[in-house]
Amino acid sequence: MQALDFRSDTLTRPTPAMRRAMAEAEVGDDVYGEDPTVNRLEASLAEMLGFEAALFFPSGTMANQTALLLGAPRASEVLAPEGAHVFEFELAAPAMLAGVLVRPLPAPRGRPDPEAVAAAVHQSPHQAPTAMLWLENTHNLAGGTVLDRPLTERLLSVARQKGLKAHLDGARIWNAAVALGEPPAALARGFDTVMVSLSKGLGAPVGSALLLSKERYPEARRYRKVLGGGMRQAGVLAAAALVPLSGWERTIARDHALARALAEGLVGLGLDVDPPPETNMVYLRVKDAPAFSRRLEAAGVRALPLGEDRVRFVTHRDLPDDAPSLALRRIEQVL
């Protein structure tokens, strides 16, 4: 019995087209800006997201940390929605590398209240000055939920009024774009910097990118090198990321449909799905998530326990069309 792996959308393997592109990629030394395939990827992403420039990174965490180094002075603070990746999953890197404090704010379903954000900005000589507003779209721990453009505009207006830089962790902006029926550039508009992942919804084997102005691009390249991100002949990786830049909407729409089918089936089995899926994530509430996940894995369904009472299922390109029905039959046997 082949396991159905719902742990993450980072599990996808390179397609045959990606492997061919990698094998045939024209390369150069990207540390000197001489890799033509990397340059082409960066130009394509900048155009797609509506920015002047893009910088290719080996990981989203490194790109996020570079955004902090660019936008938040040492000993300042960054406001982020509770559960944000930068706070939960980047291993205190903001404190270690950029020397900044990340302060989580209440954000039901990953959506901060603009008035609460405005009230949280520190301007006292007794507190770390607030330097940046950090948003996440989609918001992983909130359930893969999306920030729509009207709320984003209100939050960006607060940032501008308070003199804050604004960064978007858009690792899964592709999912948000499909869910909202908006182009990615519309969701990225107004931010000083935006990080996008190429290895999640798009399914490339490696890589993320930071969108920014041409003025900050040289400084960002320097920080990338400082952090160990000089990848030399990186065109072999960039070539794979270029492949899914066309046709990704259909792939991600399918992922969302699989998630909805899985969620509906889980509810039909009497299980607690919270929240209802908006993109490619299904969060299941159970009494003992680690034990439940082990039972699922024994039945051929792999899912990720998060804490003691939540199990996450993520749909992705490498799952078969009948993955929800197959998984539901196996889960029913476990129950």
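The values are calculated or read from the model by the stated rules, or taken from the named source; none is laboratory data. Quick caveat, the model's predicted, so the values are computed rather than measured. So basically every Cβ, Gly included, is an ideal-geometry build from the backbone, and we count neighbours across all protein chains shown.
Listing for the model above:
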{"quantity": "Test result for LEU69, touching a helix residue (DSSP H, G or I) at 6+ places or on another chain (Cβ under 7 Å) and either more than 18 Å from GLU219 (Cβ to Cβ) or hydroxyl-bearing (Ser, Thr, Tyr) (or both)", "calculated": "no"}
{"quantity": "Yes/no for ALA257 being closer than 17 Å to ARG172 by Cβ and surrounded by fewer than 17 Cβ atoms within 10 Å (Cβ to Cβ)", "calculated": "yes"}
{"quantity": "Checking ALA23 against (1) of a type in the set (A, V, I, L, M); (2) surrounded by 22 or more Cβ atoms within 10 Å (Cβ to Cβ); (3) more than 22 Å from GLY228 (Cβ to Cβ), the condition it does not meet", "calculated": "(2)"}
{"quantity": "Out of GLY270, GLY201, sole residue that is at pLDDT below 95 and either touching a Ser or Thr at 6+ places or on another chain (Cβ under 7 Å) or under 30 Å from SER293 (Cβ atoms) (or both)", "calculated": "GLY201"}
{"quantity": "All positions within region 302-325 that are of a type outside the set (A, V, I, L, M) and assigned to a helix (DSSP H, G or I)", "calculated": "PRO324, SER325"}
{"quantity": "Helices (runs of 4 or more DSSP H) enclosed by region 15-111 - at least 3 residues per element that are assigned by TED's automatic domain parsing to the domain that holds LYS214 and in contact with a His (Cβ under 8 Å, 6 or more places away or on another chain)", "calculated": "60-71"}
{"quantity": "Residue in region 204-214 that is of a type in the set (Val, Ile, Thr), within 18 Å of GLY60 (Cβ to Cβ) and in contact (Cβ under 8 Å) with a residue 40 or more places away in the chain present", "calculated": "yes"}
{"quantity": "Pairs, first modelled with pLDDT under 95 in region 281-302, second in a loop (DSSP other than H, G, I, E, B) and surrounded by 18 or more Cβ atoms within 10 Å (Cβ to Cβ), C-beta under 9 Å, six or more apart", "calculated": "none"}
{"quantity": "Qualifying residue in region 117-139 (condition: part of a helix (DSSP H, G or I), touching a residue at least 12 places away in the same chain (Cβ under 8 Å) and charged (D, E, K, R))", "calculated": "no"}
{"quantity": "Candidates ALA298, ALA263, ALA303 - the one that is hydrophobic (A, V, I, L, M, F, W, C) and within 27 Å of ASP148 (Cα to Cα)", "calculated": "ALA263"}
{"quantity": "Pick from region 46-64, criterion more than 14 Å from the chain's Cα centre (by Cα) and within 26 Å of ARG111 (Cβ to Cβ), ranking: surrounded by the fewest Cβ atoms within 10 Å (Cβ to Cβ)", "calculated": "GLY50"}
